[in-house]
């Protein structure tokens, strides 16, 4: 078996790619996965959210481009 098996309650850290939404099927929006699996949904609380805001808020926005997809 290859890849990760989905488990009910799995979460992921993702970055939405709004400009590519028209290129993907209906469902989850176009995105880049930063980390999967992350935490089980039952473990995500205000403290986790605050920590993520602190971590990612320390970085300036940046542009990302893809020349091609494999």
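So, of the residues in the stretch 36-47 that are at pLDDT 95 or above and within 15 Å of the chain's Cα centre (by Cα), which turns out to be farthest from residue 8 (Cα to Cα)? Break it down stepwise before answering.
Initially, the stretch 36-47 is screened for residues at pLDDT 95 or above, giving 38-47.
Then drop every residue that is not within 15 Å of the chain's Cα centre (by Cα), which leaves 38-41, 44.
On the way: 38: 13, 39: 11, 40: 8, 41: 9, 44: 14 Å.
If we take residues in the stretch 36-47 being at pLDDT 95 or above and within 15 Å of the chain's Cα centre (by Cα), then 44 is farthest from residue 8 (Cα to Cα).
Restricting the stretch 1-24 to residues that are at pLDDT 85 or above and in a loop (DSSP other than H, G, I, E, B), which is surrounded by the fewest Cβ atoms within 10 Å (Cβ to Cβ)?
Kept after step one, since they are at pLDDT 85 or above, are these residues of the stretch 1-24: 7-24.
Narrowing further to those that are in a loop (DSSP other than H, G, I, E, B): 7-12, 17, 24.
Working: 7: 8, 8: 6, 9: 12, 10: 14, 11: 16, 12: 14, 17: 15, 24: 12.
By that ranking, first place goes to 8.
Could you tell me whether residue 38 is surrounded by 10 or more Cβ atoms within 10 Å (Cβ to Cβ) and assigned to a loop (DSSP other than H, G, I, E, B)?
Numbers: surrounded by 10 or more Cβ atoms within 10 Å (Cβ to Cβ): yes; assigned to a loop (DSSP other than H, G, I, E, B): yes.
So residue 38 passes the test.
The conditions are (1) surrounded by 11 or more Cβ atoms within 10 Å (Cβ to Cβ); (2) touching a strand residue (DSSP E or B) at 6+ places or on another chain (Cβ under 6 Å), and residue 33 fails exactly one of them. Which is it?
(1)
Using the structure shown, decide if residue 56 is in a loop (DSSP other than H, G, I, E, B) and at negative phi.
Details: in a loop (DSSP other than H, G, I, E, B): no; at negative phi: yes.
So residue 56 does not fit the description; no.
The values are calculated or read from the model by the stated rules, or taken from the named source; none is laboratory data. This structure is a prediction, so every number in the text was calculated from the model and none was measured. Note that we place each Cβ from the backbone using ideal geometry, even for glycine, and neighbour counts take in every protein chain shown.
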